[in-house]
Each structure stands twice: as C-alpha cells, then as structure tokens.
Amino acid sequence: MYRAIESRYTGGASTISLGCKLGYTDFFPIETGVRQGCILSPWLYALFINDLAKTIKKETGTGVQVQTGEDSWSELHLLMYADDIALLAHSPLALQRQLNIVASYSHQWRFEVNHGKSGLMSFHPRTNTHPDPPLQLAGKAIPWPWVSSYKYLGVDIGVGGRPFSAYRRRALTRTHRAAIHLIFFTMPVYMHSVIRRQRVKCQ
C-alpha cells in the first residue's frame with residue numbers, strides 16, 4: 001500500500017492551461033501537497049495533521065472546559081475539519097503554549113500558517129484585554145486581527161453565542177429561495193408542455 005501511494009506521488013509534475021490560443025506552460029515539479037480531487041487526499045491529509053491534534057491535546061490544562069453531562073466536564077483544545085483549525089484556550093498563556101506547538105510542528109513538516117485567513121477572538125472582551133506582550137508564532141508577533149465573531153463550518157461563533165432559531169430561520173430562508181427558483185424557473189416549462197399535450201389529446 002505504501003509503495004503504491006509513494007509511486008503515485010514520486011516524480012509528479014503539472015502544467016497550467018493558458019487558454020485555447022496560448023496553450024500550456026512548461027511542466028513544473030510538484031513536491032508538496034496532495035492531489036486535488038483524489039479520493040486518497042482527505043485520508044492522507046488526516047494522517048499528516050493528526051499528530052498536531054494529539055500533541056496539543058497532551059498539553060493538559062490549556063483547553064476550555066465543556067460540559068458533557070449533568071455532572072461531567074471535558075477539556076476541549078481545538079476544533080478541526082481538514083485544514084480549518086480553531087485553537088481553544090482558557091487564557092493567553094495557554095494559547096501561547098498551543099501556538100508554540102503549532103510553530104514547532106509546522107517547521108518540522110514544512111508547512112505555513114495562512115495569516116490572511118486567521119484571527120484572534122476573546123469570549124470575555126469586557127474583562128480580558130489583549131495580551132501584552134502580544135502572542136507570537138515562531139518568535140514573531142502574530143499579525144492576526146482581533147475579531148468579535150468567527151464563522152466555523154457555517155456556524156457563527158461569537159461573544160454571547162447565537163440562538164438555534166437564527167440558524168433555523170436562515171435554513172428556512174434558503175429553502176424558500178430554492179423553492180421559488182424551482183417554481184418560477186423550472187416548473188413553468190414543464191407545466192406548459194403538459195398542458196399543450198393535453199390540448200392535443202382533446203383535439
């Protein structure tokens with residue numbers, strides 16, 4: 001199995017289409033990443049990133065406490081779906097410890113954090129001020145902005161939360177739009193053809 005995957009990723013090259021008249025660029029080697037659209041890619045990426053989650057979870061005392069039962073609590077360190085990762089910490093110091101792990105892991109496995117798609121959020125803005133000195137990643141101050149809300153997998157996370165009824169209303173609105181589109185842009189063609197066929201039969 002390993003040899004089959006290795007052979008698929010060894011000596012890979014790609015080219016870019018410039019349009020019908022311009023043709024293609026020269027082939028260039030692909031040395032990092034997984035193949036887009038390949039059914040193996042999500043599985044391979046999960047294997048690649050799994051140790052980061054395991055290492056962060058070992059940092060006991062850095063996560064946030066989440067109630068999992070009437071009298072039971074669990075420590076939650078991060079949310080992870082593919083390459084969309086959210087670190088959860090109860091204090092700036094705890095978050096810095098998690099960021100140190102991310103910096104070490106990214107250096108070891110040669111990947112970079114996308115600063116343009118990253119941000120910082122405090123769930124207690126009235127009591128918690130921005131940390132001083134500022135949070136760092138790989139020895140450099142993080143250029144991420146402080147935000148009041150964050151959308152993770154379509155769910156808005158923010159100070160005070162958002163009631164389930166808001167998501168229900170949004171889902172119903174999208175359903176109504178889809179139904180209107182179906183009725184006014186799809187159904188008339190079908191109904192017209194049916195009525196015409198009935199008239200022909202009556203004649």
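Taken about its Cα centre, the stretch 14-137 carries a charge dipole of about 240 debye when Lys and Arg each add +1 at the Cβ and Asp and Glu each add -1 at the Cβ. Applying the criteria of a DSSP loop state and at most 15 other Cβ atoms within 10 Å to the trypsin sites (Lys or Arg not before Pro) of the stretch 1-62 yields 21, 35. With the simple spin-label model, which puts each label point 7 Å out from Cα in the Cβ direction, the residue 48 to residue 91 separation comes to 3.6 nm. Rolling a 1.4 angstrom probe over the protein heavy atoms with all chains in place gives the stretch 8-76 an accessible area of 79 Å² per residue.
Just the number, please: carbon plus sulfur as a percent of the accessible area of the stretch 49-118, 1.4 Å probe, no ligands or DNA/RNA counted. Of the solvent-accessible surface of the stretch 49-118, carbon and sulfur hold 51 percent. First check a/c for the stretch 70-134, with a ≥ b ≥ c the square roots of the eigenvalues of its C-alpha gyration tensor; if it is under 1.5, answer rounded, and if not, answer prolate when a/b is larger than b/c or oblate otherwise. Oblate.
The values are calculated or read from the model by the stated rules, or taken from the named source; none is laboratory data. Computed from a predicted structure; not experimentally measured. Backbone-built Cβ (ideal geometry, glycine too); neighbour counts: all protein chains shown. Heads up: the accessible areas ignore ligands, DNA and RNA and are worked out on the full protein's heavy atoms, side chains in. Shrake-Rupley method; radii C 1.70, N 1.55, O 1.52, S 1.80 Å.
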